[in-house]
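Let me begin by presenting the structure, written as structure tokens, before commenting on it.
The values are calculated or read from the model by the stated rules, or taken from the named source; none is laboratory data. Small disclaimer: the values here were computed from a predicted structure and weren't measured. Heads up, the Cβs are rebuilt from the backbone with ideal geometry, glycines too, and the neighbour counts pull from every protein chain shown. In case anyone asks, the SASA skips ligands and DNA or RNA and just uses the protein heavy atoms, side chains included. Shrake-Rupley method; radii C 1.70, N 1.55, O 1.52, S 1.80 Å.
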Amino acid sequence: MGLRLVAKEAKYLENLWLGRAFHETFARVQSDAFVLAESFNERCASVFSRNDWNVSFLKTYLYHNFDVNYKDNSMWLLVEPELDGKFTKWNNNAGAVAPPLQMRPAHELGGIFEEDEDEEGDAIDINDVPQAFSHFSYERSLGKQLVCDLQGVWNADDGFVLTDPVVHYVSGSGKRHQNGATDKGFEGVKRFFRTHTCGSLCKKMLLTERSEHELIR
């Protein structure tokens, strides 16, 4: 009845003892990614008028439950709307990028199959939109953050609706894990640009072409 929801609990036992703090970090990271996605959509709208290229992240909610099996009788869950559609992972937090859809086995196909041309005739594979967003997040934050581990669903009306992102945070001291265990800091940023190749969308958005050796310091 009503909106279908998904409840998420910490995967590893040690995280269970962090309780609310673990889930608050997760929710904050997803909120930070949402703000950067809004900026990305505004930039895209200034270049292309397309809803199917929008990027958004699910809003999350924290549920507190009484359970005698947990520390202080408190069980914390992160809850968000259920995604509707074929779940696809476009990149991860270690620099890996999903191969072109036509190269995947039939049972793994998901995402988008169209390739479009901009007004100047440059081919733009809209499966590259998530990669362009990761790159954009780095430039928009002046080298402080890079959003990756992009996964979720796509549809022509809403564009990319994503969940469970990783935000690599680059601190002045070089400290990692500001945003949880999956935040690899500057090393995570280097891994992304080690494999990232700017496509037509990156170039159209005037994003600086970078390698792991040409980063903002």
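Taking amide H positions as placed in the peptide plane 1.01 Å from N, state which residues far from residue 97 in sequence (5 or more) or on other chains have amide H under 5 Å from it.
Here nothing satisfies the definition.
Of the heavy-atom accessible surface of the chain (probe 1.4 angstrom), what whole percent is carbon and sulfur?
Here it works out to 49 percent.
Per residue of region 181-198, what does 6.51 cos²θ - 1.76 cosθ + 1.60 with θ = phi - 60° give for ³J(HN,Hα)? Whole Hz please, x for Gly and Pro, Karplus curve as stated.
Working through the residues one at a time gives 5, 7, 7, 9, x, 4, 5, x, 4, 4, 5, 4, 6, 5, 10, 6, 10, 5 Hz.
Can you tell me the orientation of helix 20-47 relative to the chain, as the angle in degrees between its alpha-carbon axis and the longest Cα principal axis, to the nearest 10?
For helix 20-47, the angle is close to 20 degrees.
With the contact rule set at Cα under 8 Å and sequence spacing of 6 or more, what percent relative contact order holds for the chain?
22
Under the classification rounded if a/c is under 1.5, otherwise prolate if a/b is larger than b/c and oblate if not, where does region 143-194 fall, given a ≥ b ≥ c as square roots of the Cα gyration tensor eigenvalues?
Prolate is the answer for region 143-194, as a/c is 1.5 or above and a/b outweighs b/c.
If you work out mean projected area of the Cα convex hull in nm² from the coordinates, which of [x] 9.7; [y] 13.9; [z] 12.1 do you get?
Of the listed options [x] 9.7; [y] 13.9; [z] 12.1, [y] comes from this structure.
Determine the shape class of region 116-217: with a ≥ b ≥ c the square roots of the Cα gyration tensor eigenvalues, call it rounded for a/c under 1.5, and otherwise prolate if a/b is greater than b/c, oblate otherwise.
Oblate, because a/c is 1.5 or more while a/b does not exceed b/c.
Mind giving me the FRET efficiency for residue 212 and residue 68? R0 is 35 Å, r the Cβ-Cβ distance, nearest 0.05 is fine.
0.10
At 0.36 nm per residue, and after removing the present C-alpha to C-alpha distance, how many nm does the segment from residue 197 to residue 6 gain when stretched out fully?
65.3 nm
Starting with the highest mean, order 21-27, 206-212 by the number of other Cβ atoms within 10 Å, averaged over the residues of each peptide.
Output ranking for 21-27, 206-212: 21-27, 206-212.
Express the accessible area of the chain per residue in Å², computed with a 1.4 Å probe while the remaining protein chains stay in the model.
Dividing the accessible area of the chain by its residue count gives 56 Å².
Against the longest alpha carbon principal axis of the chain, how many degrees, from 0 to 90 and to the nearest 10, is the axis of helix 129-140 turned?
It works out to around 80 degrees.
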